[in-house]
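Here the structure comes first, spelled out in structure tokens, and everything after it is commentary.
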2 protein chains.
Amino acid sequence: MSRILIRAMVLPMTGPDVFYPHGEICIENDRIVAVGAEGSVSENFKTDRVFNLPNDVVMPGLINTHTHAAMTLLRSYADDLPLMPWLNEKVWPFEDKMTEQDIYWGTALAICEMIRSGTTTMLDMYASMEKVAEAVLQAGTRAVLSRGLIGNGPNGERALQEAGDLFHQYQGAGGGRLKVMFGPHAPYTCSGEYLQRVKAQADSLGVGIHIHVAETLDEIKMIQEQYGKTPVEWLDELGLFGGHVVAAHCVHLTAKDMDILARNHVCIAHNPESNMKLNSGTAPITELLDREIVVGLGTDGASSNNNLDLFGEMRTAAFQQKLQVNSTALPAYKVLEMATVKGARTLGLEDVGMLAPGFKADLITVDMDQPHFYPRFSIPAHLVYVAHAGDVRTVMVDGKVIMEERKILTLDVNKVCQEAEIRAKRIAQELNG
Amino acid sequence: MSRILIRAMVLPMTGPDVFYPHGEICIENDRIVAVGAEGSVSENFKTDRVFNLPNDVVMPGLINTHTHAAMTLLRSYADDLPLMPWLNEKVWPFEDKMTEQDIYWGTALAICEMIRSGTTTMLDMYASMEKVAEAVLQAGTRAVLSRGLIGNGPNGERALQEAGDLFHQYQGAGGGRLKVMFGPHAPYTCSGEYLQRVKAQADSLGVGIHIHVAETLDEIKMIQEQYGKTPVEWLDELGLFGGHVVAAHCVHLTAKDMDILARNHVCIAHNPESNMKLNSGTAPITELLDREIVVGLGTDGASSNNNLDLFGEMRTAAFQQKLQVNSTALPAYKVLEMATVKGARTLGLEDVGMLAPGFKADLITVDMDQPHFYPRFSIPAHLVYVAHAGDVRTVMVDGKVIMEERKILTLDVNKVCQEAEIRAKRIAQELNG
């Protein structure tokens, strides 16, 4: 049995007024058993190890609700281009060249970056997901995996088969660290009939759906022309929403769309940096939250961001709403909720995202003993408006320390970086000579 | 005589195609004497010290063209509020309580944060500027200092006197590291007559003007009602623009305003994060650049941002233009120019902002041997879209190393943080009990 005590400033994300400037957390194996003010809960707790970090904030590990991890291989490969040439001439030809092993190393690189920036869980959508599973299991992180399904593509049927295989092989693997969802790519890349088959299969396995929805105005136009409806109306009519659904992006929504999403308890993965960089638009997050829709935060892939840093994503999420709505929109604590407890709810994970007894010990510590964190008026404001990826000191997932003093313990970071470099450059060479 | 050789990847910011993947820089005393590919320029250069940093990028130190450094004391003191209650009930009462010593320590804290995030030069506007000068001289950084002048306030005349005193005491101090500008706050806080007197005095001393212009729609409305013109038209009519002028913000401009700014060679300090967080708006940077107007980047004060990190500011500048215009707007290299060579031009500094023979040795190194910087397809894209404050390893100003391996050598960082904490909390206590 492992018994760990952490003494630090504790922001448990169990409510806006709960903060222990001198706090402690007791962890037994994979779970938190007690959280409180220093000395209040640890009296009879015999520990193997004590972390004394009085100048660190300990908080739940961040949750990335939408990414394509292996796309780190395309980081800074093509930027500042119009959307269609970027996709047609750069992204898709590159992806066509990626092997299973490339996907493994690209994902491992993504996970290294995520750990270093405090992300403990991701919802991923890509191909060769067994390679993604392998990387996650080795890294010791948590993930929900969805095989991307492009129904209109040549591999639509094979991919759906693989999605089922993925479930049978990996659902609950790694002591519950891995879960599986079905990942139909988008309403414009899958027919209605295909989406309904995906939904039926997901239902039969009792898992949810992860899909891109209403990301760009082009998509809205395309679906309107084809079906005479908005993407949300179309998916609702198909019956896709009767269960656990993560809708990524949701930038362009009508009031009726939002009512449909609310009525069906659809969860939203909000990707503000990708939406800005690709000129997709500003998602109506303030209105979604007003309807009590669950919204998590995502980075999207590293080709459209170009990092996987949820601290930056939190700041951008707040700034973008304040620019669009007013300076009181999306205050700091609500942003933190999106990156933690609401992120967990988005992914359908019931025992992560908060520091509370019975929850999984997925947590990070942030080093606040640095000039940019003084004075210490508000820890939530500091975390959202000031912090950056480099401030994360410690990462624990499932009760195991996977990063300590910024050193990742579970992966060979140098090897991962070198493999990613070699493989990405090989593909670029094949394409561009 | 000091002779330093740096071997690293070199991004000199002398043109979009100039990059040495294996480069070197020779520095003699305060100036760069040679830059080139490794082995090409150092043959006969006898060095006291060699920095071998093959995985770092060396680039010009970043230039913050608009800040109120001492406002670090208000960091995360008040957020997510409407503009007027934020100013009236929070910011101004707090500032009223700040002593000269508070301003010294708040500025020292700001400079610690700036050094750690790669900023070597700032244009500051505040009160008690001799305390700001003291902190800059100790820290070893570079600064242009402007005493904030609120003509309509009770101290308008005294402040103008202090602005002149500041010039006589500090112009050229620290071996040229300090320069002085005049800082009339804004067209809505200074009368036309006062602005003309400031301009006459600045002209008589041969220095420039640093002023807030067209930051909010409220300002536009106020000036329109009072003078029947836009702020830019009003300042032009007053003759304020006939010399070196830094206009901060410039969010709300007409086409005619932009023509006036271009004709008068007014330089713009763009503060995208402050403009988003305070709901000020999106400045027309793309249109300003189309008119070949010089635009630098600023963080504004830490009460409206809440950090002084120009890496974040670069990313936000690009994202904001891409959201507003299209995905090709403000590409990475142009953003880097704003933070370096264009920043120097904004401040009227002719020998900083580039790594070239004859230029001052103001430079930073960025540690690229981290997961988020692989693969290495584009160093400019990495610096703008991926990098964060914590990636800066080394900082040199005027040929002197002031940060090494992330340790600041010129200030007692712990002492600065503790003093800032104590002083900020004292003021909050006085105000809020």
Residues of the stretch B:27-44 being in a loop (DSSP other than H, G, I, E, B) and within 19 Å of residue B:398 (Cβ to Cβ), which ones?
-> B:29, B:30
Residue tally, condition open to solvent by 20 Å² or more (accessible area, probe 1.4 Å) and not in a loop (DSSP other than H, G, I, E, B), over the stretch A:334-356 = 5
Check the stretch A:357-376 and report whether any residue there is at negative phi, open to solvent by 10 Å² or more (accessible area, probe 1.4 Å) and part of a helix (DSSP H, G or I).
-> yes
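Just to be sure before I move on: is residue A:282 within 14 Å of chain B (Cβ to nearest Cβ) and open to solvent by 10 Å² or more (accessible area, probe 1.4 Å) in the structure I sent? Even if it seems obvious, please write down each step before you answer.
Working: within 14 Å of chain B (Cβ to nearest Cβ): yes; open to solvent by 10 Å² or more (accessible area, probe 1.4 Å): yes.
Yes, satisfied.
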Run down A:143, A:202 and say which single residue is over 30 Å from residue A:401 (Cβ atoms) and surrounded by 24 or more Cβ atoms within 10 Å (Cβ to Cβ).
-> A:202
The one condition residue A:433 fails out of (1) more than 7 Å from chain B (Cβ to nearest Cβ); (2) free of Cβ contacts under 8 Å to residues at least 60 places away in the same chain; (3) crowded, with 23+ Cβ neighbours inside 10 Å is (3)
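Here's the yes/no breakdown for (1) farther than 22 Å from residue B:405 by Cβ; (2) exposed (fewer than 15 other Cβ atoms within 10 Å of the Cβ):
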site: B:15; (1), (2): yes, yes
site: B:23; (1), (2): no, no
site: B:28; (1), (2): yes, no
site: B:42; (1), (2): yes, no
site: B:61; (1), (2): no, no
Check the stretch A:177-185 and report whether any residue there is closer than 24 Å to residue A:360 by Cα, free of Cβ contacts under 8 Å to residues at least 12 places away in the same chain and in contact with a strand residue (DSSP E or B) (Cβ under 8 Å, 6 or more places away or on another chain).
-> no
Answer residue from the stretch B:386-427, given it is surrounded by 19 or more Cβ atoms within 10 Å (Cβ to Cβ) and over 22 Å from residue B:367 (Cβ atoms) and is farthest from the other protein chains (Cβ to nearest Cβ) among those | B:398
Among (1) surrounded by 24 or more Cβ atoms within 10 Å (Cβ to Cβ); (2) touching a Pro at 6+ places or on another chain (Cβ under 8 Å), where does residue B:57 come up short?
-> (2)
Select, from A:289, A:308, A:297, A:278, the only residue that is in the same structural domain as residue A:143 (by TED's automatic domain parsing) and free of Cβ contacts under 8 Å to residues at least 60 places away in the same chain.
-> A:289
Residues being open to solvent by 10 Å² or more (accessible area, probe 1.4 Å) and away from chain B (no Cβ under 14 Å): count how many of those fall in the stretch A:249-266.
-> 9
Residue ranges of helices (runs of 4 or more DSSP H) in the stretch B:213-263 with at least 2 members within 21 Å of residue B:194 (Cβ to Cβ) | B:217-227, B:231-238
Residue A:71 fails exactly one of the following numbered conditions: (1) in the same structural domain as residue A:134 (by TED's automatic domain parsing); (2) at pLDDT 95 or above; (3) over 25 Å from the mean Cα position of the chain (by Cα). What is the number of that condition?
-> (3)
Could you grab me the full set of residues in the stretch B:323-333 that are assigned to a helix (DSSP H, G or I) and out of contact with any Asp or Glu (no Cβ under 8 Å at 6 or more places or on another chain)?
-> B:323, B:324, B:333
Selection count, the stretch A:286-307, where residues are closer than 10 Å to residue A:66 by Cα and not β-branched (Val, Ile, Thr) | 5
Can you tell me which residues in the stretch B:355-383 are more than 21 Å from residue B:334 (Cα to Cα) and either modelled with pLDDT under 95 or within 8 Å of another protein chain (Cβ to nearest Cβ) (or both)?
-> B:369, B:370, B:371, B:372, B:374, B:375
Would you point out which residue out of B:90, B:97, B:46 is within 12 Å of chain A (Cβ to nearest Cβ) and open to solvent by 20 Å² or more (accessible area, probe 1.4 Å)?
-> B:90
Looking at the stretch A:233-248, is at least one residue open to solvent by 10 Å² or more (accessible area, probe 1.4 Å), within 14 Å of chain B (Cβ to nearest Cβ) and touching a residue at least 24 places away in the same chain (Cβ under 8 Å)?
-> no
How many residues does the stretch B:103-136 hold that are aliphatic (A, V, I, L, M) and either in a loop (DSSP other than H, G, I, E, B) or over 20 Å from residue B:210 (Cβ atoms) (or both)?
-> 4
Show the residue pairs that are 6+ apart or on different chains and have beta-carbon atoms under 9 Å apart, the first residue being within the stretch A:394-418 and more than 18 Å from residue A:340 (Cβ to Cβ), the second being outside any strand (DSSP E or B) and modelled with pLDDT under 95.
-> A:400/A:2
Looking at the stretch A:9-56, which of its residues are on the phi > 0 side of the Ramachandran plot and touching a residue at least 40 places away in the same chain (Cβ under 8 Å)?
-> A:13, A:29
Would you be able to say whether some residue in the stretch A:178-188 is within 18 Å of the chain's Cα centre (by Cα) and open to solvent by 20 Å² or more (accessible area, probe 1.4 Å)?
-> yes
Which ones in the stretch B:298-333 are in contact with a strand residue (DSSP E or B) (Cβ under 9 Å, 6 or more places away or on another chain) and either more than 9 Å from chain A (Cβ to nearest Cβ) or open to solvent by 10 Å² or more (accessible area, probe 1.4 Å) (or both)?
-> B:298, B:299, B:300, B:301, B:310, B:313, B:314, B:317
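Would you say residue B:189 is over 18 Å from residue B:149 (Cα atoms) and of a type in the set (S, T, N, Q)?
No, not satisfied.
The values are calculated or read from the model by the stated rules, or taken from the named source; none is laboratory data. Only a predicted model underlies this, so the values are computations on that prediction, with no experimental measurement involved. Using ideal geometry, Cβ is built from the backbone for each residue, glycine included, and neighbour counts are taken over all protein chains shown. These area figures cover heavy atoms from the full protein model, side chains too; ligands, DNA and RNA do not enter into them. Shrake-Rupley method; radii C 1.70, N 1.55, O 1.52, S 1.80 Å.
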